[in-house]
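First comes the structure, then the notes that go with it.
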Amino acid sequence: MLDLRHISKIYNPGTINETCIFQDFNLSINDGEFVSVVGSNGSGKTSMLNIICGSIDVDCGNILINGEDITNMPDFKRHRRIGRVYQNPAMGTCSGMTILENMSMADNKGKPFSLTLGTNKKRIPYYREMLGQLKLGLEDKLNTPVGSLSGGQRQALALLMSTMTDIDFLILDEHTAALDPRIAETIMELTDKIVSEKNITTIMVTHNLRYATIYGNRLIMMHQGKVVLDKTGHAKEATSINDLLGLFNMISIECGN
């Protein structure tokens, strides 16, 4: 279980650009949940992910994973337990390394360093099998530099790499936003397959309301650092795109837009 307890965060405190993102923010995510998170720009979606991953510190409050307080844990230690896929396909892979080298690096995540070779040739059949499920022909391009791949191919690879080791949480930060619609659909289908098969607790921030309603078993909408909608199970399944648009419009009117 992930618990965010009494989180407060202010950007640029004491300046004219001071912005309070969270004030006494609380959220619990149960093991095995696939949570879709929507909200307008500035609602706190990505800041929440950065707080979970340790990319930004909190001013007040605690982050707990299965009861363990990780608030002051460095981000590189958190990443042993958290996989993250970013909006930019280039951020989840190393462009100057081959597919094989990237997968080998991900395969060794959290393991101690030694003087042995970073690439274990015995693992190559396993890598080919993993890549084969993408149906993108990458299993035949193991020695190809990742920088020469398309954005969709890189994002598919980044998704595989983020889930190669045992992790507690998968963080998806608008991971289809930079892709063309056809590839985005492929990535979402792959995401759903991996999350389901591995039963990974997942948080997906997205601006695609259709994806938010179709995928996952919990739907959250955020606004000004608060959760304004939280639907699970049948209530989530019954929530339509029009319901979300209606709430967006109501919030917009209340804010004077």
What are the pairs with Cβ atoms under 9 angstrom where one residue, in segment 87-105, is assigned to a loop (DSSP other than H, G, I, E, B) and the other, located anywhere, is among the basic types (Lys, Arg)? Sequence gap at least six, or different chains.
Thr93/Arg154; Ser95/Arg154
Is at least one residue of segment 106-119 touching a strand residue (DSSP E or B) at 6+ places or on another chain (Cβ under 6 Å), open to solvent by less than 60 Å² (accessible area, probe 1.4 Å) and not in a helix (DSSP H, G or I)?
no
Kindly check whether there is at least one residue in segment 199-207 that is under 29 Å from Gln23 (Cα atoms), surrounded by fewer than 19 Cβ atoms within 10 Å (Cβ to Cβ) and under 19 Å from the mean Cα position of the chain (by Cα).
yes
Just for segment 154-193: of the residues that are touching a Pro at 6+ places or on another chain (Cβ under 8 Å) and either within 20 Å of Val37 (Cα to Cα) or without any contact (Cβ under 8 Å) to a residue 40 or more places away in the chain (or both), which one is most open to solvent (accessible area, probe 1.4 Å)?
Ala178
Only one of these conditions is not met by Glu129: (1) surrounded by fewer than 18 Cβ atoms within 10 Å (Cβ to Cβ); (2) within 19 Å of Thr186 (Cβ to Cβ); (3) at pLDDT below 90. Which number is it?
(3)
For segment 203-211, does any single residue satisfy the condition of being within 19 Å of Tyr86 (Cα to Cα), of a type in the set (Phe, Trp, Tyr) and modelled with pLDDT under 95?
no
So Ile214 clears everything in (1) surrounded by 14 or more Cβ atoms within 10 Å (Cβ to Cβ); (2) under 19 Å from the mean Cα position of the chain (by Cα) except one condition, right? Which one?
(1)
Being without any contact (Cβ under 8 Å) to a residue 60 or more places away in the chain and assigned to a strand (DSSP E or B) is the filter here; which residues of segment 10-48 pass it?
Ile10, Tyr11, Thr19, Asp24, Asn26, Ser28
Filter result for Ile99 (closer than 30 Å to Lys121 by Cβ, at pLDDT 90 or above and open to solvent by less than 10 Å² (accessible area, probe 1.4 Å)):
yes
Condition met for Gly225 (in contact (Cβ under 8 Å) with a residue 12 or more places away in the chain, of a type outside the set (Val, Ile, Thr) and surrounded by 20 or more Cβ atoms within 10 Å (Cβ to Cβ)):
yes
Scanning segment 197-212 for residues that are assigned to a helix (DSSP H, G or I) and in contact (Cβ under 8 Å) with a residue 24 or more places away in the chain, the one nearest to Lys135 (Cα to Cα) turns out to be Lys198
Take the residues of segment 1-51 that are exposed (fewer than 13 other Cβ atoms within 10 Å of the Cβ) and of a type in the set (D, E, K, R): which is modelled with the lowest pLDDT?
Glu18
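The values are calculated or read from the model by the stated rules, or taken from the named source; none is laboratory data. None of the values given here were measured: they were computed from a predicted structure. Ideal geometry is used to build each Cβ from the backbone, glycine not excepted, and the neighbour counts take in all protein chains shown. For the accessible areas, the whole protein counts, side chains as well, though only heavy atoms, and no ligand, DNA or RNA atoms are used. Shrake-Rupley method; radii C 1.70, N 1.55, O 1.52, S 1.80 Å.
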